[in-house]
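Readers should treat all values here as calculations from the given coordinates under stated rules, not as data from a laboratory. No experiment lies behind these values; they were computed from the predicted model shown. Here the Cβ positions follow ideal geometry from the backbone for every residue, glycine too, while neighbour counts run over all protein chains shown.
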Amino acid sequence: MKIAFWSNSPGKSGVTGNLSCISILSAMIQPSKMVLFENHSNINDLGSMFLNQNSYDKLKEENSYFVENGLGRILNCCDMGDAASSGIVFRTCLSVFDQRVFYLPPGGMNRDLLEFRLNRHAEDVMDLLEQVCDTVCVDLSSSSLESSRKILKKADLIVVNLCQNDQLLSHFFRNFSEIRKKAFYIIGNYDPESIIRKSDIVRRFELSGNMVGTIPYNRRFADALTKGNVVTYLLKNFSCGADNINYEFISAARETACLLEQAKEACGIGGTGGEDSDKKEDSSHAVYAGGNNISDTGEGGCSSSQKGRNSQGTGTGAGTER
């Protein structure tokens, strides 16, 4: 399955951090192989969130890995029309969690070269990776890159990262009807004290509550992102109790991961993964027909079996603190 993580509100909803969090939690809840890559160059990229800075800098400076391998190697296969074996794919990736979640680094390409090559082969890269991994997740630039447009069109499911800003919410639901047809929503940096809560967004835009998750703002998680300790943080707090300061964040994030897994299953068996595309569209009106789970607390929506699964016996791969 191909999943694009995207937002119309750059810098506000935490797309890259949300993807890093959800990918690890999803692998802990529903073990499968997942590969992540991005179509943009940024200091705060996925690699910096999974690897502490010293390790990441050392890989960049001392290892030809980032020049000869990574996404560049996959794009070379596409240029030559060659199929890439699972061995080649996994050798070009970094395992960031227990041989389940893999990160495909840019491979030494600058921003312009990355866009030029992905513009030619974005669909091919996704098809190739999907042959090897169950899920391909792409962290998309919010800017109007042609590769972003192609990836959004190719994706089976689009995780739209929203923020609690009335103007930006209205802008999205007025202007992106095609994306809404196959959207799952995450409200990033979620503040339950805001006057714009999940329940308000669900009611106002007539969404299914089961298609809307939240990732609350949490200072400790934000620190883990900047230090490259996301996996360590999530493993440490995955089963924390209600008296733990991280409990509300973990509960909401786990709930969102479960809801996304349910959306993936629905999409995989022929569902739209978003709004009902057979219904008449209106640029100012969402038309998804479904039940509304409108909890603002992150409770509900996961099956008991999904809630009860644990990550015992899993290693942390390259994402642990070094």
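Computed from phi, the 3J(HN,Hα) profile of the stretch 87-102 under the Karplus parametrisation 6.51, -1.76, 1.60 (θ = phi - 60°) reads x, 5, 4, 5, 6, 8, 9, 9, 7, 9, 7, 6, 6, 10, 10, 10 Hz, with x in place of Gly and Pro.
Label the stretch 140-189 by shape, choosing from rounded, prolate and oblate, from the square roots a ≥ b ≥ c of the eigenvalues of the Cα gyration tensor; if a/c is under 1.5 it is rounded, and otherwise prolate applies when a/b is larger than b/c, oblate when it is not. Cα axes put the stretch 140-189 in the prolate bin.
Which of rounded, prolate or oblate describes the stretch 109-249 when judged by the alpha-carbon gyration tensor and an a/c cut-off of 1.5?
Oblate, since a/c reaches 1.5 and b/c is not below a/b.
Annotation: amide H-H contacts under 5 Å for residue 184 (H modelled 1.01 Å from N, sequence separation of 5 or more, or interchain): 158, 159, 160. Placing unit charges on each Cβ (+1 for Lys and Arg, -1 for Asp and Glu) gives the stretch 141-263 a dipole about its Cα centre, and among 259, 232, 247 the Cα reaching farthest toward its positive end belongs to 259. Taking every C-alpha pair closer than 8 Å and separated by at least 6 residues, the mean separation divided by the residue count of the stretch 96-163 gives a relative contact order of 29 percent. For the set 2/198; 150/198; 154/227, the pairs lying more than 28 angstrom apart at their alpha carbons are 150/198; 154/227.
Shape verdict for the stretch 100-158, please, from the Cα gyration tensor: rounded (a/c under 1.5), prolate (a/b greater than b/c) or oblate. Oblate.
Residue by residue, the stretch 21-34 carries 3J(HN,Hα) couplings of 5, 5, 4, 5, 5, 4, 5, 6, 7, 9, x, 6, 8, 9 Hz when phi is fed to the Karplus relation 6.51 cos²θ - 1.76 cosθ + 1.60 (θ = phi - 60°); x denotes Gly or Pro.
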